[in-house]
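Right, one structure below, let's go through it.
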Amino acid sequence: MKELSKRLIFGALFVIILVVSAQHQYALTALFFVFGIICLKEFNLLIEQRNNISYAMFSILYGVLAFWDILTENNNSLDEATQILHVVSVFVLLFLIRDLFSKKSLPKLLTNRYINTTFYISTGILFLLLIAINFGQYSPENIIGIFALIWINDSFAYLIGKNFGRQKLFESVSPKKTVEGFLAGVFFSAIGSYIIFKLTDNLLFSKWLILSVIVSVFGTIGDLIESKYKRQAEVKDSGTLIPGHGGLLDRLDSAIFVAPFIYLFLRILNYVS
């Protein structure tokens, strides 16, 4: 009970910080930068990377893309740079998905470490910010809605899986995850998408419904990939920052992985509208 109380208290605190920060673009920009640095630190410990190159690369990428409108008035160049970064990021994530289903260890070679810290962790945080920026029309509803879907998916996958789960989803990587839990996450996220639609006015219900499926599928894959990294590192959690939850990366692994895929869907919507 004490552990559950910790999870609830610090989980609620996390939600409050995110929701309050999301009300102003620059507050959210600062928050996500801090999140990025902490997640990089925890991920670097998992892959045994001890230099500061990944922090420098993240800071440069994040600073340039987050404050492009202040640095220059040429938004076309920003869009082109974002598209290139997006394509490379999705490409790297697809390779991580391939490696997840391989019996081999996830890549830890020096070059792959830099690729993963840049195009997995760093760009994941960056695309979370770009989802909120919403192609120049800042929308706190977007990012809060996405996180709400992630929390709904994770919560019901855990509750149903723990109490009713029988068939293992990916036992070699995460023994506690079950097929029943995964399906419950998809189902309740779909219900949650309707509630989010009724509380916001930025997207149609059909769009939120598709987003709920993207969150459930790719968010779960992101959680499994981080679990495989932790299993390789022989640790239970990525850190100890959040009592009852582990590290910040343990809280954001799904969001970081799913962000480029959500951004791809939103970009398609923006292009056809």
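Solvent-accessible surface of the stretch 183-261, taken per residue with a 1.4 Å probe and all protein chains present: 40 Å². Share of pairwise Cα-Cα distances greater than 11 Å in the stretch 152-196 is 59 percent (whole percent).
The per residue volume of the convex hull around the alpha-carbon atoms of the stretch 219-273 is 77 Å³. Among the trypsin sites (Lys or Arg not before Pro) in the stretch 195-261, those placed in a DSSP loop whose Cβ has at most 11 other Cβ atoms within 10 Å are LYS236. Ligands, DNA and RNA left out, the accessible area of the stretch 150-273 computed with a 1.4 Å probe is 65% carbon and sulfur. As a ratio to 2.2 N^0.38 Å, the alpha-carbon radius of gyration for the chain is 0.97.
The values are calculated or read from the model by the stated rules, or taken from the named source; none is laboratory data. What you see is a predicted model, and the numbers here were worked out from it, not measured in a lab. As a convention, Cβ positions derive from the backbone with ideal geometry for all residues, glycine included, and neighbour counts pool all protein chains shown. With ligands, DNA and RNA removed, areas are computed over all heavy atoms of the protein, side chains included. Shrake-Rupley method; radii C 1.70, N 1.55, O 1.52, S 1.80 Å.
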